[in-house]
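Novice: Below is a structure I'd like to ask you about.
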Amino acid sequence: MVRGKLTFITGGVRSGKSAYAEQLLVKEAHAHNRRLVYIASGTATDPEMATRIKRHRQDRSRENWTTYEQPKNLETLLPFIQRGDLVLWDCLTTWLANELYAGWETGMPCVGQVGCMEQKEVTLYETIETIISKASQFVIVSNEVLDECPSSLAEVRLYSEWLGRLHQKLVNKADTAIEMDYGLVKIWKSR
Amino acid sequence: MHVFIGGAHNGKRAYVKELLKAQGRTDIQWVEGRLPLPGTEPVVIAGIEQWLAQCGLSEEQAIRRMMEAVHNRDAVVVLTDIGRGIVPMEADQRELRDICGRLYQRLMSEADEVTRIWYGIAQTLKRGEQDENLYENGR
């Protein structure tokens, strides 16, 4: 089986990255009659977030997307991925926040445990490899948040560090790496 | 002078280290979060934003010190872009962003080469000024 294509897309808020990512896969779906799969990692933590999720859902309703809500543990989705699927994951930043702070309600967040996030990182890369061994395309969407003064909060600095580390690794793994700026597409890497 | 710029945790230092290794220049002096004394030996300067935050100098003095440190020497400067986030609540953080921005502009205008690093990938923003300057200076 041919390895599917991995695409990494990042950009600022409202840069049009989700729309671009969706369009990319919809075109493929029409051309080759393939299934569209959407993995959503955002959770409705407040009304604004709920509205945001609703808007994304409406945007996708024009096409036949199969949606999986997966805030954490991406690997549990693996049995649901079919050969030839066009998979979109939106987005890495919400997933990272969910994983990094998982367990905070019991006073034992992952971020405070030695080796916890490292283990999740390994699992993530394995999951991505497995997805592209089945799917024909896997698009990962993330955010540009690292061009500002380091936060005064240690937790936020750790988050930034992890996000940068994941981005570097994913750009390295990706066949295509794209930065979006207000709807403009900058292709940093394409093979 | 060769300036490298990019957001935090984008792999800037790793890229520069790889480049220096490929050029066989692993013994080059590397200073982090401070300025080297003015001199003629090659140097890598990184973490200027940390130096700026605690050096206690006025903007004018800071820029002068910086330019003296890189003057007339083979310098590699690693800059962290901190100017594209939400405006900070704290006045001193806002001031730091402004000073950084103006210092970075000055460094980039004087640099022979400017490279942006995006998660380990390099893009040339500027190159070849040196030759033009040499020509202008009639040397």
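Novice: If you count the DSSP beta bridges with both ends in the stretch B:2-136, what percent of them are antiparallel, to the nearest 5?
Specialist: Bridges in the stretch B:2-136 are about 25 percent antiparallel.
Novice: If you don't mind, there's one more thing I want to ask. Across the stretch A:177-187, in residue order, what do the Karplus-derived ³J(HN,Hα) couplings come to in whole Hz, using 6.51 cos²θ - 1.76 cosθ + 1.60 with θ = phi - 60° and x for Gly and Pro?
Specialist: 10, 10, 10, 9, 9, 6, x, 8, 9, 10, 8
Novice: Output wanted: per-residue J couplings in Hz (rounded whole) for the stretch B:14-30, from phi through Karplus 6.51 cos²θ - 1.76 cosθ + 1.60, θ = phi - 60°, x for Gly and Pro.
Specialist: 4, 5, 5, 4, 4, 4, 5, 4, 4, 8, x, 10, 6, 8, 5, 5, 10
Novice: Based on the Cβ-Cβ distance from B:LEU19 to A:ALA50, what FRET efficiency comes out when R0 is 35 Å, to the nearest 0.05? Walk me through the intermediate numbers first.
Specialist: Numbers: r = 47 Å, r/R0 = 1.35.
Efficiency, rounded to the nearest 0.05: 0.15.
Novice: Quick one: accessible area per residue over chain B, 1.4 Å probe, rounded to a whole number of Å²? Write out the running numbers ahead of the final one.
Specialist: On the way: 7770 Å² over 139 residues.
That works out to 56 Å² for each residue.
Novice: Between B:LEU125 and A:VAL2, what FRET efficiency follows from the Cβ-Cβ distance if R0 is 35 Å, with the result rounded to 0.05? Each step should come with its number before you reach the end.
Specialist: Numbers: r = 37 Å, r/R0 = 1.05.
Once rounded, the FRET efficiency stands at 0.45.
Novice: First measure r as the distance between the Cβ atoms of A:GLU121 and A:GLN82, then evaluate 1/(1 + (r/R0)^6) with R0 = 35 Å and state the FRET efficiency to the nearest 0.05. Could you put the intermediate results ahead of the total?
Specialist: Details: r = 26 Å, r/R0 = 0.75.
Working from the Cβ atoms, E equals 0.85.
Novice: In the protein assembly as shown, if every C-alpha pair distance is counted and binned at 20 Å from zero, what percent goes to each bin?
Specialist: Final binned percentages: 27, 51, 20, 1.
Novice: Something else: I'd like to know how the stretch B:2-136 sits against the 2.2 N^0.38 Å rule of thumb: what's its Cα Rg over that expected value? It would help to have the intermediate numbers written out before the result.
Specialist: Values: Rg = 14.8 Å, N = 135, 2.2 N^0.38 = 14.2 Å.
So the stretch B:2-136 has a normalised radius of gyration of 1.04.
Novice: Turning to a different aspect of this structure: Remind me, relative contact order of chain A in percent, using alpha carbon pairs under 8 angstrom and six or more residues apart? Let's see the in-between values first.
Specialist: Working: 298 pairs, mean separation 70.2, N = 191.
RCO, chain A: 37 percent.
Novice: Could you list which residues have their amide H under 5 Å from that of A:GLY12, counting only those 5 or more apart in sequence or on another chain, with H placed in the peptide plane?
Specialist: HN-HN under 5 Å from A:GLY12: A:GLU144, A:MET180, A:TYR182.
Novice: Report the chymotrypsin sites (Phe, Trp or Tyr not before Pro) located in the stretch A:122-191 that are in a DSSP loop and have at most 12 other Cβ atoms inside 10 Å of their Cβ, or state none.
Specialist: On the way: sites: A:TYR125, A:PHE138, A:TYR159, A:TRP162, A:TYR182, A:TRP188; in loops: A:TYR182.
Those that pass, being in a loop and sparsely packed, are A:TYR182.
Novice: Tell me the relative contact order for the stretch B:2-136 as a rounded percent, counting alpha carbon contacts under 8 Å between residues six or more apart. Provide the component values of the computation, followed by the final result.
Specialist: Details: 188 pairs, mean separation 45.0, N = 135.
Across the stretch B:2-136, relative contact order equals 33 percent.
Novice: As a test, work out the antiparallel percent of DSSP beta bridges whose residues both lie in chain A, rounded to the nearest 5.
Specialist: On the way: 6 of 33 bridges.
Around 20 percent of the beta bridges assigned by DSSP in chain A are antiparallel ones.
Novice: So with the 1.4 Å probe, I'd like the accessible area per residue for the stretch A:1-134, rounded to whole Å². Intermediate results must be reported in sequence, preceding the final value.
Specialist: Values: 6970 Å² over 134 residues.
I get 52 Å² per residue for this part.
Novice: When the Kirkwood hydrodynamic radius is evaluated over all pairs of different C-alpha atoms of chain A, what value in angstrom, to one decimal, is obtained?
Specialist: Numbers: mean 1/r = 0.0581 Å⁻¹.
Final number for the Kirkwood radius of chain A is 17.2 Å.
Novice: Run the accessible area of the stretch B:2-136 with a 1.4 Å probe and give the carbon-and-sulfur part as a rounded percent. Walk me through the numbers before you get to the answer.
Specialist: Working: 3530 of 7380 Å².
Result for the stretch B:2-136: 48 percent of the exposed heavy-atom area is carbon or sulfur.
Novice: Could you give each residue of the stretch A:158-168 its phi-based ³J(HN,Hα) in whole Hz, using Karplus coefficients 6.51, -1.76, 1.60 with θ = phi - 60°, and x for Gly or Pro?
Specialist: Coupling constants for the stretch A:158-168: 5, 4, 4, 4, 5, 5, x, 4, 5, 4, 4 Hz.
Novice: Given H placed on each backbone N at 1.01 Å, which residues far from B:TRP30 in sequence or on other chains put an amide H within less than 5 Å of it?
Specialist: Residues meeting the criterion, in which the H sits 1.01 Å from N, are B:VAL44.
Novice: By per-residue mean of other Cβ atoms within 10 Å, what is the highest-first order of A:79-92, B:88-101? List each step's numbers first, then the result.
Specialist: Working: A:79-92: 19.2, B:88-101: 14.1.
My ranking of the peptides, most packed first, is A:79-92, B:88-101.
Novice: Now for a different question. Which links in A:LYS120/A:LYS189; A:LYS72/A:LYS120; A:LYS120/A:LYS169 stretch past 20 Å when you go from one Cα to the other?
Specialist: Numbers: A:LYS120/A:LYS189 26 Å; A:LYS72/A:LYS120 10 Å; A:LYS120/A:LYS169 14 Å.
Going by Cα-Cα distance, A:LYS120/A:LYS189 fall outside the 20 Å limit.
Novice: Next up: A:SER133: net charge of surrounding residues, Cβ under 15 Å, Lys/Arg +1, Asp/Glu -1, itself excluded? Intermediate values should be presented prior to the final figure.
Specialist: On the way: positive: A:ARG3, A:LYS5, A:ARG83, A:LYS134, A:LYS173; negative: A:GLU75, A:ASP85, A:GLU126, A:GLU129, A:ASP175.
In short, 0.
Novice: If you don't mind, another one. So for A:ARG157, A:ARG35, A:ARG14, what's the accessible-area order with a 1.4 Å probe, most first? Each step should come with its number before you reach the end.
Specialist: On the way: A:ARG157 105, A:ARG35 60, A:ARG14 135 Å².
Solvent-accessible surface, decreasing: A:ARG14, A:ARG157, A:ARG35.
The values are calculated or read from the model by the stated rules, or taken from the named source; none is laboratory data. Remember, predicted model here, so these are calculated numbers, not experimental data. Virtual Cβ from ideal backbone geometry, glycine too; neighbours counted across all protein chains shown. What goes into the accessible areas is simple: the full protein's heavy atoms, side chains included, and nothing from ligands, DNA or RNA. Shrake-Rupley method; radii C 1.70, N 1.55, O 1.52, S 1.80 Å.
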